[in-house]
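One structure below.
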Amino acid sequence: MAAATEVPDEPGQPPALTALSLAQQSQAMTKEQIITPFDVSGGVDEHGKPIAIDYNKLIDKFGSQRIDGALLERFEKATGHRAHRLLRRGMVFSHRDLTVILDKYEKGVPFFLYTGRGPSSDSMHVGHSIPFEFTKYLQDVFNVPLVIMLTDDEKFFHTAKLTQKECRRFAMQNAMDIIAIGFDMKKTFIFADSEFTESAFAGAFNENVREMGKRTTANQIRHTFGFTDSNNISEFHFPAMQSATSFATSFPFIFGYDTKKVSKIPCLIPCAIDQDPYFRQCRDNAPRLKLPKPAIIHTVFLPSLRGSESKMSASDVDSSIFLSDTDKQIKKKIGQAFSGGQETLEEQREKGGRTNVDVPFQYLTFFLEDDDKLEELRTGYESGKIASGDMKAACTKELQAYVSAFRERRKAVTEKVREEFMRPRQLEFTGMPSEEEQKAARKTKFAALLGSLSLDDIEFLRQEKTNQDS
């Protein structure tokens, strides 16, 4: 702590108080942001005011690479698909070795997707759906298998109040939520650690856990995760479990039993940036097992309803919009969300609002597909033409539609469907389409485009083509 400054006594005054100088007080109030798999919070400035999470700092601290315009252009060219809105808007912002995966995809070399969820509640919230929605997009675009790990054991290790039974129940409920995102059953395997690792299919997986555990030191885990002697030994061991899912050899029933061939298959992991430490230590140790390093693609956090200095959390009901919430609950929660608007309507018209801190607008950047509409809302709000109530109404409408559509899909997910997704089995592995398939897809897309044009549009395009040729 900073040294105290003595305030001298004055005649007729109470005894001197020990106080910090203004500079020392400022320093004492300042707090750096904390981003770990177990704690996420923005910083605090010298005035004690919360600061939004700085993702540029995370790129520098973690040593990842920014996803820039050139990489986006290459992604679209390689896949033949428009970039997802989260990519276009910088919500998927950082990566490790995405270029390596694109190289392999362009050459027709196989890879798979891997993501996960630490189940801590019966229902996921909309912030949880973001990485899964993006993962579904990647599965559709790349046409590759996906492995989803439900880390119910990790939640039990790290959460004193949760029992193993509760964590397992959360895992089964969350699996049904995840399935409702729309994943392809023929290409998706979901497993819960506590169930799968005790099954007859987990032999190769458990071997990789032991191999990774043997090559990971306690000092490495302390340095990566900030653990101390107060952490339980299961917390130290768990990173080896999460790492094992990165390796295709852990799942011979999916990828085959030719270990030499399967050991060359890498994975791409879409995840929130707070999960990066797990895969950094995995990347450090993978070469020692003669296995490929996992590639990673990072998403930002969906802000809490209270503001952009913290993420939405399932353990804090008032900070989150759950996928099980009703339209009425969503409207109430958005109505109470942190606003970047002015105190009065008159001031809003005069000064405009701040979209960079306005939670309803931030949510629209995640969920509203229409880029033009989003830009219209941004400029209108910042210029004062759109009031805070209007922004909240737009956000409410979008999220009600998003959650309502999810609820309808969720109704179709039965226990039987869940069991099939969680059954160890071979998955379809088609990968990059052939040149003939790509040509057929382009023809279909062009025909659909022509079908959407009016006769005037077609005549205009014909004249433009004639002018260019001449």
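If you wrap segment 104-226 in the convex hull of its Cα atoms and look at it from every side, the mean projected area works out to 9.6 nm². Rounded to whole Å, the principal axis extents of the Cα atoms in the chain read 94, 67, 45, largest first.
Each of Cys395, Cys271 has some number of other Cβ atoms within 10 Å of its Cβ, and from fewest to most they run Cys271, Cys395. In terms of surrounding Cβ atoms within a 10 Å radius of their Cβ, Glu166, Glu376, Glu154 rank from fewest to most as Glu376, Glu166, Glu154.
Mean sequence separation of contacting Cα pairs (under 8 Å, at least six apart), scaled by the length of the chain, corresponds to a relative contact order of 17 percent.
With a Förster radius of 56 Å applied to the C-beta separation of Ala160 and Asp457, the computed FRET efficiency comes to 0.30. At the listed q of 0.11, 0.15, 0.18, 0.23 Å⁻¹, the Debye profile of segment 20-136, built from one uniform point per Cα, gives log10 I(q)/I(0) equal to -0.55, -0.89, -1.12, -1.41. Take every Cα-Cα distance within segment 346-437, group them into 10 Å bins from 0 onward, and report for each bin the whole-number percent of pairs it holds. Each 10 Å bin holds this share of Cα pairs: 14, 29, 18, 20, 14, 6, 0.
Taking the empirical scaling 2.2 N^0.38 Å for compact globular proteins as reference, segment 183-280 has a Cα radius of gyration ratio of 1.16.
Put in order of Cβ neighbour count within 10 Å, fewest first, the listed residues His223, His81, His298 become His223, His81, His298. When both bridge partners sit in the chain, DSSP labels roughly 45% of those beta bridges antiparallel. Dividing the summed helix terms, -39500 (n - 2.57) for each DSSP H run of n ≥ 4, by the number of residues in the chain produces a 222 nm estimate of -15000 deg cm²/dmol to the nearest 500.
Remark: spin-label model distance Ile34-Gln426 equals 4.9 nm, labels positioned 7 Å along the Cα→Cβ axis. Extension gain for Tyr257 to Glu415 (0.36 nm times residue separation, less C-alpha to C-alpha distance): 53.9 nm. In terms of Cα atoms, the Rg and Dmax of segment 288-432 work out to 19.8, 65 Å. Summarising the amide proton neighbourhood of Ser304: residues at separation of 5 or more, or on other chains, whose placed amide H is nearer than 5 Å comprise Ser310, Lys311, Met312. The lysines whose alpha-carbon is closer than 21 Å to the alpha-carbon of Lys107, local same-chain residues fewer than 8 away aside, are Lys77, Lys187, Lys260, Lys261, Lys264, Lys293, Lys439. For the pair Glu76 and Asn232, the difference between a 0.36 nm per residue extended length and the Cα-Cα distance amounts to 51.7 nm. Sorted from greatest to least, the principal axis extents spanned by the alpha carbons of segment 258-360 come out as 69, 32, 19 Å. Rg/Rh for segment 210-251 (Cα atoms only, Rh after Kirkwood) is 1.01.
We did not get these values from a lab; they are worked out from the coordinates using the rules stated. Nothing here was measured: the structure is a model prediction, and the numbers come from that model. Here the Cβ is made from the backbone with ideal geometry for all residues, glycine too, and neighbour counts use every protein chain on show.
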